[in-house]
Amino acid sequence: MKKIKKYLKKELTKERYHHTESVAYIAVAMAMRYNPDTTNSDFADKAMIAGMLHDCAKCMDNEEKLRICDKYKIVYSELEKENAFLLHGKVGAHIAKNEFDIDDEDILNAITWHTTGRPGMSLLEKIIFIADYIEPLRKPLPEMDVIRQLAFVDIDAALLKILANTLNYLEEKGEPMDPMTQETYRYYIASCESKA
Ligand code: DGI
Ligand code: FE
Ligand code: FE
């Protein structure tokens with residue numbers, strides 16, 4: 001963790017570093033809440049690592065992100081090329097693996113998919129996605145307080161609200177939507193309806 005923190009302090013702005021720590025601690029709290037195995041703290045440890053590294057590529061130039069994708073054959077779409085900030089998850093996972101020898105696929109997936117989500121997310125993936133949105137330093141977003149509470153009560157309901165609000169926000173702003181963000185929303189709407 002020392003090496004990771006040193007890297008992040010060098011590569012991220014102060015604000016981004018504080019956000020990162022904040023996400024990591026919220027992710028740990030959620031991991032404690034939803035821990036599938038209370039005989040050990042492995043899951044909280046994974047949440048800490050994924051939280052710390054989720055935005056490790058956020059402050060990199062867009063050209064640099066695209067260069068890394070090309071060099072290491074990370075596949076990206078035309079939309080991701082035009083909106084290269086969307087690639088900070090994929091590039092971040094690459095850095096986690098290659099700079100810090102993280103080989104836990106669950107951690108790498110949580111980093112990869114933290115911006116758009118994806119259908120069928122693991123518990124850790126959901127936690128990072130949600131912690132990123134609710135961390136206390138995040139500027140106020142619609143329904144923030146409800147979602148912050150819901151995150152510790154009903155993780156799938158919180159996930160769905162975040163997805164709905166994100167799509168709303170993108171639509172209002174006229175921002176291009178990544179098909180994965182839309183697919184994730186449709187998937188969780190359907191899975192929520194089938195539960196009801
Ligand atoms: O990196 P962070 O700012 O901590 O958080 P993030 O990786 O979730 O990125 C947040 C931004 O990503 C937020 O402004 C919404 C945006 N976003 C999420 N899905 C999409 C998207 N932006 C576009 N253009 N298209 C998407 O599908
Ligand atoms: Fe991010
Ligand atoms: Fe983030």
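Return yes or no: is Glu64 farther than 21 Å from Arg16 by Cα and open to solvent by 10 Å² or more (accessible area, probe 1.4 Å)?
no
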Handout entry: Scan of the stretch 3-38 for residues that are in a loop (DSSP other than H, G, I, E, B) and either away from ligand 1 (no atom under 12 Å from the Cβ) or open to solvent by 40 Å² or more (accessible area, probe 1.4 Å) (or both), ordered by number
Key = Thr13, Asn35, Pro36, Asp37, Thr38
Practice task
Just one of (1) more than 20 Å from Lys139 (Cα to Cα); (2) modelled with pLDDT of 95 or more; (3) more than 15 Å from the chain's Cα centre (by Cα) trips up Thr13, so point out which.
Solution key: (1)
Problem - Candidate set from the stretch 89-108 (those that are touching a Lys or Arg at 6+ places or on another chain (Cβ under 8 Å) and not hydrophobic (A, V, I, L, M, F, W, C)); member that is least open to solvent (accessible area, probe 1.4 Å) - result: Gly92
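I'd like to know if the stretch 63-74 contains one or more residues that are more than 13 Å from ligand 1 (Cβ to nearest atom) and closer than 21 Å to Gly117 by Cβ.
Of the residues in the stretch 63-74, the ones more than 13 Å from ligand 1 (Cβ to nearest atom) are 63-64, 66-74.
Add one more test, that the residue is closer than 21 Å to Gly117 by Cβ, and what stays is 69, 74.
Yes - at least one qualifying residue is present in the stretch 63-74.
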Practice task
Report whether or not Met180 is modelled with pLDDT of 95 or more and within 22 Å of Ala29 (Cα to Cα).
Solution key: no
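Return the only residue of Ala84, Ala93, Ala110 being over 12 Å from the mean Cα position of the chain (by Cα) and in contact (Cβ under 8 Å) with a residue 12 or more places away in the chain. Full working, then the answer.
Values: Ala93 fails: over 12 Å from the mean Cα position of the chain (by Cα); Ala110 fails: over 12 Å from the mean Cα position of the chain (by Cα).
Selected residue: Ala84, the only one of Ala84, Ala93, Ala110 that is over 12 Å from the mean Cα position of the chain (by Cα) and in contact (Cβ under 8 Å) with a residue 12 or more places away in the chain.
Identify, please: which residue in the stretch 110-149 is in a helix (DSSP H, G or I) and of a type in the set (Phe, Trp, Tyr) and is, among those, farthest from Phe43 (Cα to Cα)? Write out each step before concluding.
Keep residues of the stretch 110-149 that are in a helix (DSSP H, G or I), which gives 110-112, 123-134, 144-149.
Narrowing further to those that are of a type in the set (Phe, Trp, Tyr): 129, 133.
Working: Phe129: 16, Tyr133: 20 Å.
Once the filter is applied, the top-ranked residue is Tyr133.
The values are calculated or read from the model by the stated rules, or taken from the named source; none is laboratory data. Here the structure is a predicted model, which means the values were calculated and not measured. Here Cβ is always computed from backbone atoms with ideal geometry, including for glycine, and neighbour counts include all displayed protein chains. For the accessible areas, the whole protein counts, side chains as well, though only heavy atoms, and no ligand, DNA or RNA atoms are used. Shrake-Rupley method; radii C 1.70, N 1.55, O 1.52, S 1.80 Å.
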